[in-house]
Amino acid sequence: MQEPHTRSYYAATAHAYPAFPVLQGETQADVVVIGGGFTGVNAAIELADRGLRVVLLEANRIGWGATGRNGGQITGSLSGDRAMAREFRRSLGSETENYIWNLRWRGHDIIRKRVARFGIDCDLKPGHLQAALKPAHVAELRALVAEAEARGMGDEVRYVEGADLRALLDVPIYIGGVHNRRNMHVHSLNLVIGEAQAAAGLGVRIFENSEVTGITRGARPVVRTGQGRVTCDTVLLAGNAYHHLGRSRMRGVLFPAALGIIATAPIAEDVARAINPQDIAVYDDRFVLDYHRLSADRRLIFGGGTNYSGRDSADIAAELRPALERTYPRLKGIGIDFAWSGRDGIVLNRIPHLGRIGPNIFYAEGYSGHGIATTHIVAEIMAGAITGTMEEFDVFDAVHRLRLPIGNWLTHHALALGMAYYTLRERLT
């Protein structure tokens, strides 16, 4: 059964658009993309730009999953960068570090160009702070700045503390941070809606409320929904944590984690200017972190405390309010107008999971909390692979994957225990 958007701030303030139709009857395509989030929509754009006939099938509405529920931050963070360095070296050799560094920022360029090309109204803004809460974080952040300076980004990245930090943010629990002017933040649902409309303008046939019920494999796969079917040359599974297709090949790699986010009542203009005068997005440097930013209408969007148990939180607002008020004492007692959850696809080594099931069914998933920029990169890589440029795809496909061959209940509890260990270890260091 199809579901409307979750009751989030994003859904409440999204641009209205004519709903895409439900797939009915039989049709043909070069490529069927399954999933109407950032990966699927942007892969459809990339494929249409290459001249292919594309059908995109979404079980609910465009951006219904994590794409339309996230924190809205576009950053150069790669949570799996250390694992990438080990794994990619087999394929890339001495170019590994350069490739990973460029990967950090490639999604930013794609998004900026896409917004400019299609005139997408999505509150895209520059500026971000990666914040330190204790001295143990400072050395890592200073090293990040040193690398950025060595690679020519010194005019966009700087370490701040003391008065320089307070000029950016009125948050007493932070002792320093990396101010990054290349990173951005965005109304993520409006971004993907604009991208979907752009894809349709390029000839992509988009169908909403068209859940895929099965795929018949073969030289020309047949993708079936409740009311229709598409015969094609190639299929791309782009559903991330929300789809259950192709799991025989993909089982044991990706695990959904529940993300809780709130949006406050609108904040007075003078208070908003006082707590965040440059309108930057923020996350802290902990393993299980908090993240926050102001919306265009001066609400604080605040997320954190990722839940790896597989269960949604019972009261997201009550769980996040203490962290919000500890971070922003000026906002103590403020009303919370929206509270919502989503599911992020976590991969154990934090490297996006790209591969294929047979020669003509591809998949892409597992962004581990860094999805907005990474999905746009992955869409480009997958479109390249589908049209015969395999080099980058092969780098990801060759990664050794740690699989947990146990049931969902045990897996989620194992992950929750592991996250509890890292959280406790961080508190003690």
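For E87, the requirement of being under 22 Å from V399 (Cβ atoms), charged (D, E, K, R) and either within 15 Å of the chain's Cα centre (by Cα) or at pLDDT below 95 (or both) is met.
Of the residues that sit in the range 50-61 and are closer than 29 Å to R7 by Cβ and aliphatic (A, V, I, L, M), which one is most open to solvent (accessible area, probe 1.4 Å)? Across the range 50-61, the extreme among qualifying residues is A59. Being of a type outside the set (D, E) and part of a loop (DSSP other than H, G, I, E, B) is the filter here, so list the residues in the range 15-33 that pass it. Correct list: H15, A16, Y17, P18, A19, F20, P21, V22, L23, Q24, A29.
Being more than 24 Å from A143 (Cα to Cα), open to solvent by less than 30 Å² (accessible area, probe 1.4 Å) and assigned to a loop (DSSP other than H, G, I, E, B) is not true of I301.
Please go through the range 208-219 and give me each residue that is part of a strand (DSSP E or B) and buried (at least 17 other Cβ atoms within 10 Å of the Cβ), ordered by number.
Just the residues of the range 208-219 that are part of a strand (DSSP E or B), to begin with: 212-216.
Answer for the range 208-219, where residues must be part of a strand (DSSP E or B) and buried (at least 17 other Cβ atoms within 10 Å of the Cβ): V212, I215.
For residues in the range 266-307 being under 19 Å from the mean Cα position of the chain (by Cα) and basic (K, R), which is farthest from H128 (Cα to Cα)? Steps first, answer last, please.
The first filter runs over the range 266-307 and keeps only residues under 19 Å from the mean Cα position of the chain (by Cα), leaving 280-295, 301-307.
Filter once more, keeping what is basic (K, R): 286, 293.
Values: R286: 16, R293: 9 Å.
Within the range 266-307, the match that is farthest from H128 (Cα to Cα) is R286.
Filtering the range 18-49 to residues that are out of contact with any Gly (no Cβ under 9 Å at 6 or more places or on another chain), over 22 Å from G214 (Cα atoms) and open to solvent by 10 Å² or more (accessible area, probe 1.4 Å) leaves P18, A19, D49. Of all residues in the range 381-402, at least one satisfies being more than 16 Å from the chain's Cα centre (by Cα), over 21 Å from G36 (Cβ atoms) and at pLDDT below 75. Looking only at residues of the range 178-207 that are assigned to a strand (DSSP E or B) and polar (S, T, N, Q), we find that the one that is surrounded by the most Cβ atoms within 10 Å (Cβ to Cβ) is N183.
Okay, residues lined up against (1) modelled with pLDDT of 90 or more; (2) open to solvent by 20 Å² or more (accessible area, probe 1.4 Å); (3) within 23 Å of T234 (Cβ to Cβ):
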| site | (1), (2), (3) |
| --- | --- |
| N349 | no, yes, no |
| Y363 | yes, no, yes |
| G366 | no, no, yes |
| G369 | no, yes, no |
| H376 | yes, no, yes |
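Filtering the range 220-230 to residues that are touching a residue at least 40 places away in the same chain (Cβ under 8 Å) and either open to solvent by less than 30 Å² (accessible area, probe 1.4 Å) or more than 23 Å from G63 (Cβ to Cβ) (or both) leaves P221, V223, T225, G228, R229, V230. Residue selection: E380 satisfies the criterion of being open to solvent by 50 Å² or more (accessible area, probe 1.4 Å) and within 30 Å of G51 (Cβ to Cβ). Picking from residues in the range 124-140 that are more than 30 Å from D297 (Cα to Cα) and surrounded by fewer than 19 Cβ atoms within 10 Å (Cβ to Cβ), the one that is farthest from the chain's Cα centre (by Cα) is P135.
One residue stands out in the range 1-15 among those that are among the hydrophobic types (A, V, I, L, M, F, W, C) and at pLDDT 95 or above: the one that is nearest to G214 (Cα to Cα), namely A11.
Every condition in (1) open to solvent by less than 30 Å² (accessible area, probe 1.4 Å); (2) touching a helix residue (DSSP H, G or I) at 6+ places or on another chain (Cβ under 8 Å); (3) farther than 17 Å from H370 by Cβ is met by D121 except one, and the failing one is (1).
Would you mention how many residues in the range 100-118 are among the aliphatic types (A, V, I, L, M) and open to solvent by 50 Å² or more (accessible area, probe 1.4 Å)?
The initial filter retains those residues of the range 100-118 that are among the aliphatic types (A, V, I, L, M), namely 100, 103, 110-111, 115-116.
Cutting the leftovers down to open to solvent by 50 Å² or more (accessible area, probe 1.4 Å) gives us 116.
Final tally of qualifying residues: 1.
The values are calculated or read from the model by the stated rules, or taken from the named source; none is laboratory data. Source: prediction; values computed, not measured. In this analysis, Cβ positions are derived from the backbone assuming ideal geometry, glycine residues included, and neighbour counts consider all displayed protein chains. Keep in mind that these areas ignore ligands, DNA and RNA; they rest on the heavy atoms of the full protein, side chains included. Shrake-Rupley method; radii C 1.70, N 1.55, O 1.52, S 1.80 Å.
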